[in-house]
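Asks: I'd like to ask some things about the structure below.
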Amino acid sequence: MVAYNYPMIDPKLLRNDQDRLRRAQEIRGESAELIDELIAADESRRAAIAEYEALRAAQKEFGRSVAQASAETRPALLAEAKDLAEAVKGAEAATKACEETFEEKLAMLPNPVYEDVPRGGEDDFAVLETIGVPRDFAAEGFEARDHLELGEMLGAIDMTRGAKVSGSRFYFLTGVGALLELALTQYAVSRALAWGFTPMIVPSLVKPSAMEGTGFLGQAAVDVYHLPADDLYLVGTSEVALAAYHSDEILDGEQLPLRYMGYSPCYRREAGSYGKDTRGIFRVHWFDKVEMFVYCRPEDSPAQHQALLEFEKEFLTSLGIPFQVLEVAAGDLGLSAARKYDCYGWVPSQARYREVTSTSDCTEFQSRRLNIRARYADGIGPVATLNGTLCAMTRMIIMILENHQNPDGSVTVPAVLRPYLGDRELLTPTSVG
């Protein structure tokens, strides 16, 4: 358990607005009993602290009495001082135990969601808009191939050797497949630069404090790779490193918002996906990703969240991918998100939309756990953090291959990617990377 020296939630909520926390739990479909347990733990903690501080004060005062005592009375006072020291030691241990109990329960508490977030679970999302029109392949006179068949025809994807070398859900991107990822990376970076993001290549191995601080060792821990010998974690998203980048710092409020774009490999066990999406590169244990991350004033986080969503929409539109924008239901939110939007791209071979990007408003949740604050004109206060996927490479490659395929198995390169592929307009089954 990581020790936090800054409250993980606003203490005012726990002591003065408990009903809001209960409502937030109910909206998520979680038990509100945790709030009652937290209140009781907080009261016990504060009582233990008060008892310890009172005994410490008494010990200091008694120490002065011993120093001024006569030789005749000092032995008795010293014995009494020993008993008092034992009481202080016991109170200190009790205080530590109460604080650990409180922190353990507090670490279980998800970020309070916005009250207008849709209720329900994974299937209760709200479709906010549909952008673009899926191609009618039947009207064009052929049946759409799936991305793996196309990838193998193009010499772009090798799942067989991926499994041979690393096991199931691993792959090689070869020839034009590798070039396509590199082109997507360069294009994503160029767009992020134009939007005012600072590019960063971030570590994929992080300390437990970074994982805990961003909320990835709670309900999401089952999907995390841990290296016990080093006590380091492989990140499932560069959000972790970007959030922890300013941990234990006080930022300049005048410089907010800070916008970072991180690039890194991402690793996920996909522990709960046995039997799901086993064909191709949709659900894999490793992929590369370009991620957007923002630090801002708490009151600015809703506007920043909308901005991240607009960047994702612009990116998908520029690649000619039909997609839908969804607001995720509260019961499907991760520990740290107060609101989340997903973009689902159209997959012709499956005749349905599948997730390709997401963006979350984490409000003050991560910054409080990571001890990140800012100095404002009226004093030091909290900051909000937000994250948004710009380009998860494997899934974006799926979208390009399937949506831009031709009857002969070739794939038309989106115009915006051509400058990064030597002005190549077409990927053909005979292409050589």
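Asks: Collect the residues in the stretch 347-398 that are aromatic (Phe, Trp, Tyr) and within 22 Å of the chain's Cα centre (by Cα), keeping them in residue-number order.
Replies: PHE365
Asks: Restricting the search to the stretch 318-339, which residues are in contact with a helix residue (DSSP H, G or I) (Cβ under 8 Å, 6 or more places away or on another chain) and among the β-branched types (Val, Ile, Thr)?
Replies: ILE321, VAL325
Asks: Conditions: (1) more than 25 Å from ARG268 (Cβ to Cβ); (2) in contact with a helix residue (DSSP H, G or I) (Cβ under 8 Å, 6 or more places away or on another chain). ARG418 meets all but one. Number of the miss?
Replies: (2)
Asks: While we're looking at this one, here's another question. Quick check on the stretch 401-413. Is at least one of its residues in a loop (DSSP other than H, G, I, E, B) and buried (at least 24 other Cβ atoms within 10 Å of the Cβ)?
Replies: No, there is no match, as no residue in the stretch 401-413 is in a loop (DSSP other than H, G, I, E, B) and buried (at least 24 other Cβ atoms within 10 Å of the Cβ).
Condition check ((1) more than 25 Å from the chain's Cα centre (by Cα); (2) surrounded by 13 or more Cβ atoms within 10 Å (Cβ to Cβ)) across all residues:
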residue	(1), (2)
THR95	yes, yes
MET108	no, yes
PRO112	no, yes
GLY141	yes, no
HIS147	yes, yes
ASP158	yes, yes
GLY167	yes, no
ALA183	yes, yes
LEU193	no, no
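Asks: Determine if the stretch 367-386 includes at least one residue that is of a type in the set (Gly, Ala, Ser) and farther than 30 Å from GLY213 by Cβ.
Replies: No, the stretch 367-386 has no match at all.
Asks: Next up: Taking LEU426, is it surrounded by fewer than 24 Cβ atoms within 10 Å (Cβ to Cβ), among the hydrophobic types (A, V, I, L, M, F, W, C) and within 20 Å of THR174 (Cβ to Cβ)?
Replies: yes
Asks: What are the pairs, 6+ residues apart or on separate chains, where a residue within the stretch 73-93 that is within 16 Å of ALA50 (Cα to Cα) and in the same structural domain as ILE49 (by TED's automatic domain parsing) has its Cβ under 9 Å from a residue that is part of a helix (DSSP H, G or I) and acidic (Asp, Glu)?
Replies: Going by the 9 Å Cβ cut-off, the qualifying pairs are ALA91/GLU51; ALA91/GLU53.
Asks: Residues that are in the same structural domain as TYR267 (by TED's automatic domain parsing), in a loop (DSSP other than H, G, I, E, B) and either buried (at least 24 other Cβ atoms within 10 Å of the Cβ) or modelled with pLDDT under 95 (or both): does the stretch 379-392 have at least one?
Replies: yes
Asks: Quick one: count up the residues across the stretch 340-364 that are surrounded by fewer than 24 Cβ atoms within 10 Å (Cβ to Cβ), among the polar types (S, T, N, Q) and in contact with a helix residue (DSSP H, G or I) (Cβ under 8 Å, 6 or more places away or on another chain).
Replies: Result for the stretch 340-364: 1.
Asks: Just give me the residues in the stretch 61-93 being small (Gly, Ala, Ser), at pLDDT 85 or above and surrounded by 13 or more Cβ atoms within 10 Å (Cβ to Cβ), in sequence order.
Replies: Once the filter is applied, which keeps residues that are small (Gly, Ala, Ser), at pLDDT 85 or above and surrounded by 13 or more Cβ atoms within 10 Å (Cβ to Cβ), the stretch 61-93 yields ALA85, ALA87, GLY90, ALA91.
Asks: Would you confirm whether or not the stretch 2-11 contains a residue that is hydrophobic (A, V, I, L, M, F, W, C), closer than 12 Å to PRO112 by Cβ and modelled with pLDDT of 85 or more?
Replies: no
Asks: May I ask you to verify whether ARG424 is in a loop (DSSP other than H, G, I, E, B) and of a type outside the set (Ser, Thr, Tyr)?
Replies: So ARG424 fits the description; yes.
Asks: Take SER367 and decide whether it is polar (S, T, N, Q), crowded, with 24+ Cβ neighbours inside 10 Å, in contact with a Lys or Arg (Cβ under 6 Å, 6 or more places away or on another chain) and at pLDDT 95 or above.
Replies: No, not satisfied.
Asks: Sticking with this structure for a sec: So, in the stretch 196-231, of the ones that are in a loop (DSSP other than H, G, I, E, B) and among the hydrophobic types (A, V, I, L, M, F, W, C), which residue ends up surrounded by the most Cβ atoms within 10 Å (Cβ to Cβ)?
Replies: PHE216
Asks: Within the stretch 236-346, considering only strands (runs of 3 or more DSSP E) that don't extend past its boundaries, which have at least 1 residues that are among the hydrophobic types (A, V, I, L, M, F, W, C) and under 20 Å from the mean Cα position of the chain (by Cα)?
Replies: 258-267, 286-296, 323-327
Asks: Among the residues of the stretch 27-60, which ones are assigned to a helix (DSSP H, G or I) and loosely packed, with under 14 Cβ neighbours inside 10 Å?
Replies: Listed by number, the residues that qualify are GLU33, ASP36, ALA40, GLU43, ALA47, ALA50, GLU53, ALA54, ALA57, ALA58, LYS60.
The values are calculated or read from the model by the stated rules, or taken from the named source; none is laboratory data. Here the structure is a predicted model, which is why all the values come from computation and not from measurement. Note: ideal-geometry Cβ built from the backbone for every residue, glycine included; neighbour counts use all protein chains shown.
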